[in-house]
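For reference, the structure is listed below as structure tokens.
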Amino acid sequence: MTARILLADDDASLRLVLSQALTREGYGVRATASLATLAKMVRDGEGDLVISDVYMGDDCLFDVLPGLRAARPELPVIVMSGQSTVMTAVSAAGAGAYDYVPKPFDLDDLIDAARRALTKGPEAKARAQAAAAEREERLPLIGRSAAMQDVYRIMARSAATDMIVLIEGETGVGKEAAARAIHQFSRRKAGPFVRLSLMGAPPAAAADALFGADGEAMRAVGGTLFVDDVDSLSGEGQAALERFLDRRSNGGVGDVRVLAASSRPLGVMSLEGTFRPDLYYRLAIVTLRIPPLRERLEDIGDLARAFLVRARREGLPEKGIDGSAIELLKTHTWPGNVRELENLLHRAAALRPEPLISGREIAQEMATLRQEVSPVTASGQTFDDVLRPHLSALLASANVGAEGEGVYDLVLQAIERPLIELALQGTRGNQIKAAAILGINRNTLRKKIQTLGIRAGSDD
């Protein structure tokens, strides 16, 4: 039986070329220049595949695609767009499109995508999943769930404005990735993207070094200032940020757009009296909530396949993942969210010899995740037992009023250095494998090696 393709594009010449090419391949083609006509054909049960442009006149495919997917969930949709941006690709993935093809495209590539979409069976499904993973690994955020579709819509709308956006979500959900995407597709994309992490920033530093007249925030003039960990700001830091926003509104600061991120709901904090209500209302002009992974478990398969593609591109062995492994991943609560999942998949790619990661390998990795935080040393003591006397001595000798590094920074450096050195020794200097074992990004490991002055081996 001849497969039928519904083709929608308001460019008459492109409709003709595509109709002729697809007909030569043996497909039946029905073409239209109207999204309303396309929607009616789909709801009437016509077609085995839809190939459609995003914008036709004032109509947008992404406004109608969720309804079409609900009416015909088995119907694959290939999205074409002349506005070839990552935001368009994200919107296509979020709306449940089978594939996204940026214009101008090679005709053979589009025909190949149509052929894959119309081919049935497990092998075809596996090929489609592999192709999707290759595309989605490059996206700032990954996922087709209903929970993520609202995220994509707010990102797309806010990218076209200069409004302040407050990005809320638990640690590891991808708040910085969302902020970078908003910047990348704004009119400021050629300007700087400056991230200020406020985690643990002492009051004086937040007030002066960050938001003062010559502070770090001024590096974002002409671009975007991303104020991360805003929920950790002290009272003095909150006042400093508000003064900065006042100066920005009154023209006392250069052309700076502000995005802010919080791991805790600032509205609740303002009611509790731990965050200034006036600052909260200034930051929450647009609020973008990134859902935790446990609220979008249906995205785990797409995320896992994309992370394995990313691991391969970073030099780790190429791995696949089977259905039993993905189902097992869905049973975990993921307190570390997407970042925790990515670290687990990178570790599995680095340490598991099998080319296809199965449920058994994932069970072993998840057992590692659930191990006790303070393991017992060879002497029978826990790490807690060993560390407490040293920490107590450091705290007792600390001079509270003195300038310089605090106890917190000293302890972190004291632990990080031997930990990274041992990981590098265990992998014979292979930084990719060491990063996977430590559960951190390779670029983060490189930066720590440079900061701590560690002698390191190769990157691969």
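The values are calculated or read from the model by the stated rules, or taken from the named source; none is laboratory data. On a predicted model such as this, the values are computed, not experimentally measured, just so you know. Counting neighbours? That spans all protein chains shown, and the Cβs are built from the backbone with ideal geometry, glycine included.
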Q | Scope the stretch 169-193; condition over 17 Å from D255 (Cβ atoms), in contact with a Leu (Cβ under 8 Å, 6 or more places away or on another chain) and assigned to a helix (DSSP H, G or I); matching residues | A | A177, A178, A179, A181
Q | Given (1) part of a helix (DSSP H, G or I); (2) of a type in the set (A, V, I, L, M, F, W, C); (3) more than 26 Å from Q149 (Cβ to Cβ), index of the condition V29 fails | A | (1)
Q: Please tell me if L166 is in the same structural domain as V258 (by TED's automatic domain parsing), outside any loop (DSSP other than H, G, I, E, B), free of Cβ contacts under 8 Å to residues at least 40 places away in the same chain and of a type outside the set (S, T, N, Q).
A: no
Q) Picking from L61, L65, L18, which residue would you name as being crowded, with 22+ Cβ neighbours inside 10 Å and in contact (Cβ under 8 Å) with a residue 60 or more places away in the chain? A) L18
Q. Among the numbered criteria (1) in a helix (DSSP H, G or I); (2) touching a residue at least 12 places away in the same chain (Cβ under 8 Å), which single criterion is violated by I440?
A. (1)
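Right, R257: within 18 Å of G191 (Cβ to Cβ), in contact (Cβ under 8 Å) with a residue 60 or more places away in the chain and charged (D, E, K, R) or not? Explain how you work it out, then say what you get.
Values: within 18 Å of G191 (Cβ to Cβ): yes; in contact (Cβ under 8 Å) with a residue 60 or more places away in the chain: yes; charged (D, E, K, R): yes.
The answer is yes for R257.
So how many residues does the stretch 262-283 have that are part of a loop (DSSP other than H, G, I, E, B) and within 21 Å of the chain's Cα centre (by Cα)? I'd like the intermediate steps shown before the answer.
So in the stretch 262-283, the residues part of a loop (DSSP other than H, G, I, E, B) come out as 263-265, 273-276.
Of the ones still in play, those that are also within 21 Å of the chain's Cα centre (by Cα) are 263-265.
Residues meeting the conditions: 3.
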Q: Scan the stretch 246-253 and give yes if some residue there is in a loop (DSSP other than H, G, I, E, B), under 22 Å from the mean Cα position of the chain (by Cα) and farther than 17 Å from I285 by Cβ, otherwise no.
A: no
Q | Residue list for the stretch 259-307, filter: over 12 Å from M148 (Cβ atoms) and among the acidic types (D, E) | A | E272, D278
